[in-house]
1. Residue 473: which lysines have alpha carbons under 18 Å from its alpha carbon, excluding same-chain residues fewer than 8 sequence positions away?
2. Gap in Å between the Cα centre of the range 483-539 and the Cα centre of the range 182-206?
3. Provide the FRET efficiency to the nearest 0.05 for the residue 462-residue 37 pair, computing r from the beta carbons and using R0 = 56 Å.
4. Under a Cβ-Cβ cut-off of 12 Å, what is the net charge of the residues other than residue 578 that fall near it, where Lys and Arg count +1 and Asp and Glu count -1?
5. Any chance you could check the Cα centroid distance between the range 544-620 and the range 423-478 for me, in angstrom?
6. Output the DSSP H helices from the chain with an along-axis C-alpha extent of no less than 24 Å and a mean Kyte-Doolittle hydropathy no less than -1.0.
7. Name the lysines eligible as straight-distance cross-link partners of residue 352: C-alpha to C-alpha under 19 Å, and not fewer than 8 places from it in the same chain.
8. Within the chain, what is the longest stretch that has no GluC sites (Glu not before Pro) placed in a DSSP loop and near at most 15 other beta-carbon atoms within 10 Å?
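The values are calculated or read from the model by the stated rules, or taken from the named source; none is laboratory data. Predicted model only: the values in this text are computed from it and were never measured. Positions of Cβ are backbone-derived with ideal geometry, glycine not excepted, and every protein chain shown enters the neighbour counts. When the accessible area is computed, the model is the full protein with side chains, heavy atoms only, and any ligands, DNA or RNA have been set aside. Shrake-Rupley method; radii C 1.70, N 1.55, O 1.52, S 1.80 Å.
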Amino acid sequence: MFRLSLKQRYCLLLCFAVGAIIAYQFTRRRHEVGRMSRTEGLIANSSQFTLERKPFLILGGSIHYFRVPRAYWEDRLLKMKACGLNTLTTYVPWNLHEPERGVFNFEDQLDLEAYLRLAASLGLWVILRPGPYICAEWDFGGLPSWLLRDHNMKVRTTYPGFTDAVNAFFNQLIKRVVPHQYSKGGPIIAVQVENEYGSYAKDKEYMPFIKEAILSRGITELLLTSDNMGGLKRGAVKGALETINFQKLNQHGITYLDEIQPHKPKMVMEFWSGWFDLWGDLHHVYTAEDMIPVVTEILKLNMSINLYMFHGGTNFGFMSGSLAEGIPSPKPMVTSYDYDAPLSEAGDYTTKYHLLRNLFSQYHAQPLPELPSHQERRAYQPVVIQQHLSLWDSLHFTDKPLKSEKPVNMENLPVNNNNGQSYGYTLYETTINSQGSLNSKNNVRDRALVFVDKHFVGVLDYKTQELALPDGKGKRTLSLLVENCGRVNYGKTLDEQRKGLVGDIELNKHPLRDFIIRSLDMKPGFVNRLESGGHWMSMRQRPSFPGFFQARLYVNSFPKDTFIKLPGWSKGVVFINGKNLGRYWSIGPQQTLYVPSPWLHRGDNQVIVFEEQETDGKILFTSSPDYGMTVDVQ
């Protein structure tokens, strides 16, 4: 038997170690060469984009990481890849990443870098749209509400209060995305400067400021702007390629792009694959038969395209925006952002998806990847409400109330470390000595439930601005529970998006004074305190409204996606295991709320519903969504 001496073994070990180091250096160098072999990113110097000096057609789709549970990011991106798309586009929501001034969150659901790394690992390029304004049918177009604490605030201009805040945010954001640029081995091939500024266009210096804010922090990839036809003339900035947004083929817009940017590639940055929905309206659809010919034509014209949305996802929590353009008063958007997109809210394939896949496959030399398997869903058994807690009994779980002579809008309340209240409800209470006519003077933003001594009297909103208060003797408590239904996300009224009571309320033509104001933003901490410390009553005792209602959903196996349906309820918010699923409202069109399985667990799941006015005491589950009666997008 052959044996090595100690010395020989030592020499052999040394040889192995040296060999390993050489091998490591070699492979590392190979990776570096792989990265360094990237000599030229996305270029727009001829009638077609080039990437590494080869013609490149952008087949893009929008999926917003903040609208999709993180556990499903990979599923949705794999389905995008399998559809034949090569580029992911995403907005960045400033209001989620900086919820309080100087407090930044880039973790968990908001881990943008993880999202970029995931896209890269799946072979998808990225067009990043960092705002600071994003529109997106998202509250305040992604701007943080604390900006509105400054009563002179002029957003999307070079007003110093705005530019200082943008600079502080970009200091945090841009340093995180710089390493993920194409030139550094990452997936980002282009970055958009602001968003549809031509439709706002209040300050000529603003777009150059944003462009410089991006470049000075280390962005070196191709810059783009994006505007609808009306905004193209005013939304440009020197050094950025202009792109167009539309749904029906806009030959005039395409010709205009050719005129202002001869010998440049053309791109539809937002080809609207569907549309958003408003409460009290119908569910918008854009049929596959109408859509596919337009996409086919765009590609025949040798134009790049980005499908907005490829997968819409959900406006979880209180994050949906509001529409003000072309209508007398703002209308809030629904919780679902299904958008009638090729991939549904819950990640299902649609007719659009399969037809697009067929079309895009013609632009690939290799066969497309196989379709990832379909997500299973479950209609759980209905659950019965076990306990309830009146809103009035929950108030000691809120932050310290403010005593104020006059009403104060929610953004200027001294809560959340003096950043004000961003979302949810605000309760205003004062003492009255008489009956008579209560007039909101149109100062309710957006909808108030009115109570006298905790008895419901009526609703004040944009349409109803006057209520008769009932007779009564002596001092009584007048309460207004005011809901922020979502800040406008598009148009010229962005500076006017303060919520709550934004001015005086009059009783018999006299302004009311001496308010106690409570913030009910229903953040996770509040919901947890409520659950563990609230004096919950059994359903045998008649519930009072508004109130919180608690039930348990028992899941006996691996959780599956489901939808909650509340036919016997009126209006409110659903929390599951502390997570805010969003608003429901019986006026529709949306009748179901999406419950992603990663937010459930085996065993008991806690469901808390905040309901404003009525309940039948049951929560139903269904395996398919109900978005209401449909109407074709006009």
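1. 454
2. 34 Å
3. 0.40
4. Overall, the nearby charge balance is +2.
5. 29 Å
6. 6-36, 160-177
7. Of all the lysines, those that pass the test against residue 352 - Cα under 19 Å, at least 8 places apart if same chain - are 79, 81, 248, 300.
8. Longest run free of exposed loop sites: 406-613.
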